[in-house]
1. Filter segment D:110-124 down to the residues that are without any contact (Cβ under 8 Å) to a residue 24 or more places away in the chain and small (G, A, S) and list them by number.
2. Answer yes or no as to whether C:G38 is outside the structural domain of C:P161 (by TED's automatic domain parsing), at positive phi and exposed (fewer than 14 other Cβ atoms within 10 Å of the Cβ).
3. Regarding segment C:27-48, can at least one residue be identified that is within 30 Å of D:A21 (Cβ to Cβ), at pLDDT 95 or above, away from DNA strand F (no atom under 16 Å from the Cβ) and part of a helix (DSSP H, G or I)?
4. Assuming D:V23 fulfils every condition listed in (1) touching a residue at least 24 places away in the same chain (Cβ under 8 Å); (2) surrounded by fewer than 16 Cβ atoms within 10 Å (Cβ to Cβ); (3) aliphatic (A, V, I, L, M) apart from one, which condition is it?
5. Within segment A:29-50, identify whether any single residue is under 28 Å from B:D112 (Cβ atoms), in contact (Cβ under 8 Å) with a residue 12 or more places away in the chain and within 14 Å of chain B (Cβ to nearest Cβ), and answer yes or no.
6. Of all residues in segment C:49-61, which are hydrophobic (A, V, I, L, M, F, W, C), within 8 Å of DNA strand E (Cβ to nearest atom) and in a helix (DSSP H, G or I)?
7. I'd like to know if segment A:56-76 contains one or more residues that are in contact with a helix residue (DSSP H, G or I) (Cβ under 9 Å, 6 or more places away or on another chain) and within 14 Å of chain B (Cβ to nearest Cβ).
8. How many residues does segment D:82-114 contain that are within 13 Å of chain C (Cβ to nearest Cβ), closer than 18 Å to D:V23 by Cα and either of a type in the set (D, E, K, R) or part of a helix (DSSP H, G or I) (or both)?
Protein chains: 4
Amino acid sequence: MVDGKSTRREQLVAAAFGLVAEVGLEGLRLRRVADAVGIDQSTLHYHVATKAELVEAVAQHAAALLATTAPPRHLPPHEALAAHLDALAGLIATRPELFTVTAELDLRARRDPSVRAVVDRQEAGWREVLVGLHAALDGDDDPAARAELVIAAVKGVRLVPDLAPTVLGRLVEQTTGATR
Amino acid sequence: MVDGKSTRREQLVAAAFGLVAEVGLEGLRLRRVADAVGIDQSTLHYHVATKAELVEAVAQHAAALLATTAPPRHLPPHEALAAHLDALAGLIATRPELFTVTAELDLRARRDPSVRAVVDRQEAGWREVLVGLHAALDGDDDPAARAELVIAAVKGVRLVPDLAPTVLGRLVEQTTGATR
Amino acid sequence: MVDGKSTRREQLVAAAFGLVAEVGLEGLRLRRVADAVGIDQSTLHYHVATKAELVEAVAQHAAALLATTAPPRHLPPHEALAAHLDALAGLIATRPELFTVTAELDLRARRDPSVRAVVDRQEAGWREVLVGLHAALDGDDDPAARAELVIAAVKGVRLVPDLAPTVLGRLVEQTTGATR
Amino acid sequence: MVDGKSTRREQLVAAAFGLVAEVGLEGLRLRRVADAVGIDQSTLHYHVATKAELVEAVAQHAAALLATTAPPRHLPPHEALAAHLDALAGLIATRPELFTVTAELDLRARRDPSVRAVVDRQEAGWREVLVGLHAALDGDDDPAARAELVIAAVKGVRLVPDLAPTVLGRLVEQTTGATR
DNA sequence: TATGAATGAGATTTCATTCAT
DNA sequence: TATGAATGAAATCTCATTCAT
């Protein structure tokens, strides 16, 4: 999962990411992370000062992966939105762990300010894009509300890969139907 | 032992419920639960054998509370759905902790079979009702898909009380618009 | 295992005796003892003040059962000894739990004075009988030593019912051979 | 880490061994073991994963110490047996704790498979040696039975150092008398 | 960079015992 | 006699973190 070029720190973050998907943030143990990378427990602390720091790094890692699905700028709004939701549904199917981790982080963010900062920044960017997209759609009276519905739907379906295409597909249809 | 008040066990479950909302399942400590009720740590184990049992009881408690929002049977489908989503939005505003706990439990259910059993049963019942409702709507071609969209939207917005009315309201509008 | 006539206390002692055979003195739990008799944990303390007292009662119970094998007084020494060892071998085969419990108590006696008192009294009586018996045998130069050998052999074989007849039988033969 | 002295683990096992002799397996507390060595309770778990593992190590330690008394191979059977029983009587006098611990382990072995494995292996080896020795004696008709008598006598007298020489001495005499 | 050893704080659970009813 | 509820003391084990090497 990690090519020879990555830093020890990167390896550790990647390992932690995988473990969170597996056992949850609750079940994350530094011992396991170190084991997964093949170094000693105490050596881990040389690369990552504290567990909180590692979790924050995992959050950043997740945010970076999510950025992949940003809608293409050169397409007309309808198609851009469709492409975006398509990319999300695809990612949910391809890398379900990413969304498990994201769900974990959303919950953790409520109590951990440093995680919240990362999660919020990511979500704010996403929201902005969505609002812009909907504002550009003909006939959409309340772009903000529509954007929120999209966000909610994605968050609500992200843990169930089987349903994601259906749900997100339906969302596109409705949008198209209601605005064209 | 139930003088209109509540059993010790019920008190403990209620206290645990509150604590989960506050600090997450991850942060739940039996010491705290016992303190909240005003009994000794060891006495807690007299009423609830194990931590797992307490968590399961919390899950059942949450499921019971959610059952409150069941759509009324005597109304026509459109209005029943609207009433249901309205009740949900209301509950999200009134008792946000319930939805924090629910979100926690959804995640925990992925690793804890006894929690999963409770969560799955609740969700299955909800899904059934929603599918039935949508099937009764004129012109809905795919009731199952629509039901999933509703479920996803609720799950996706349950942690953000401010947005719930907007998002769920929009969902009703779309449904109405698309099917009437 | 207990007829309708026995006292609650007797029932409790009998139950404790059985449990010690099963799980050792180390594994003895008052909860289990109470359960076995069908009364509440706290009710047990009405009949037996403390766990130590119960253990002491078990020791007395065991001593009483061992007294069964006392050699008959009317027989000549050789035959009396043979009969005694035979009875012991028989009891080891019939009621192995008695000897498991006895072994447990021997060890406990080293740290628990009240158990030691019971165990020592029983053993002293046994020793006296054996010394008397050997003293009455023709040609035994050191009755005390021989008595100790018998005691040691019995204690050493009591946990292995299969070997008891062999070992104790051989002891009789040797005694007979050496003294007749 | 072994400068001629001993590993932390070895120190811990030795300390546990001593404590078992003192307070029994039942009274063995990890806190005490750690204290005896001068390290923190939690550090103990760094060297010995679990209490069960420590107890098993104590059993192995005891087995190793018992191996000391193995009869010399170069002597004729009579003398080898006498030397062996002599060595045992000597060890019982010199290191009585070893035999207390052994008695404790014998009882524990009935419920703890990992202890049983160690205890059984040790006893099997001892038995084999004894049977071989008796088979080599002139005129012994049933070497196995005689070996069992020896084992029983040793086990029966191991907790009473004062009697060990007498009882085991007498055993040698009888063997000599009966077979020569 | 890396490790072995150590630590301290804490968590769940067990159990004999007590007390009011 | 009997019980439900409560307690306190203790025990094992876990885990992030630190420090000397």
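1. Scanning segment D:110-124 gives D:A117, D:A124.
2. Working: outside the structural domain of C:P161 (by TED's automatic domain parsing): yes; at positive phi: yes; exposed (fewer than 14 other Cβ atoms within 10 Å of the Cβ): yes.
Yes; evaluated as a whole, the condition is true for this residue.
3. Within segment C:27-48, not a single residue is within 30 Å of D:A21 (Cβ to Cβ), at pLDDT 95 or above, away from DNA strand F (no atom under 16 Å from the Cβ) and part of a helix (DSSP H, G or I).
4. Answer for D:V23: the failing condition is (1).
5. no
6. Listed by number, the residues that qualify are C:A52, C:L54.
7. Among the residues of segment A:56-76, not one is in contact with a helix residue (DSSP H, G or I) (Cβ under 9 Å, 6 or more places away or on another chain) and within 14 Å of chain B (Cβ to nearest Cβ), which makes the answer no.
8. The number of residues fulfilling the criteria is 12.
The values are calculated or read from the model by the stated rules, or taken from the named source; none is laboratory data. No experiment lies behind these values; they were computed from the predicted model shown. Heads up, the Cβs are rebuilt from the backbone with ideal geometry, glycines too, and the neighbour counts pull from every protein chain shown.
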